[in-house]
Every structure is written in structure tokens, then in C-alpha cells.
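Taken together, the values in this text are just the output of simple stated rules run on the coordinates, not laboratory data. Just so it is clear, the model here is predicted, and its values are computed rather than measured. Cβ sites come from the backbone with ideal geometry, for glycine too, and all protein chains shown count toward neighbours.
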């Protein structure tokens, strides 16, 4: 379970942030930089950590909150890839 929890973080930092200038250029976005991507990532991590902490305290369960966050990360990755490559090429993955 510990490795599965770290996969979305590795995907975000290792791939998306590192390759964000190239990804932005392929999506047609101008004026994008690696520091901007890193700052936005850190803001998102802080908001997500605070949100999951509050939700886990209110619901008295951490397992469902972490599982929901992992599903949300997978759905977001799926959506961003389907925007770039189209649904036809990604349909056979899952």
C-alpha cells in the first residue's frame, strides 16, 4: 500500500513537473516555465494535504480519504492524457 500511495507523487513530480515546458509547448501554451509549475504543484500539495487532513478528522477514517485521493489522481491523469491523445488511443489501456 505504501508504494501505491507514492505513485501519484512520483508521476506528478517526476514526469509532469520535469516535462512541463515540453508538455505546455505541445498543448500550445506559451510563456510556461519549470519554476511556475513547481510553485503551482506545491500550492496544490498544501491545499490537498490540508483538505485530506480535515476530511479524515471529520469522517474519522483515513483509508477512504487516501483511496479517494488516489482515484482522483488517476482520473485526473486519465483526463489530461485523453485531452492530448484522444479517447480512441487510450481506450485499450484499462
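Before moving on, here are some points about what is shown:
- Theoretical FRET efficiency, 1/(1+(r/R0)^6), r = Cβ-Cβ of residue 26 and residue 72, R0 30 Å, to 0.05: 0.80
- Calculated FRET value between residue 4 and residue 83, using beta carbons and R₀ = 22 Å, to 0.05: 0.30
- Rel. contact order, % - alpha carbon contacts under 8 angstrom, at least six apart, the chain: 25
- Each label point was placed 7 Å from the Cα along the Cα-to-Cβ direction; for residue 58 and residue 41 their separation is 2.9 nm.
- Difference of contour (0.36 nm per residue) and Cα-Cα distance, residue 16 to residue 33: 4.9 nm
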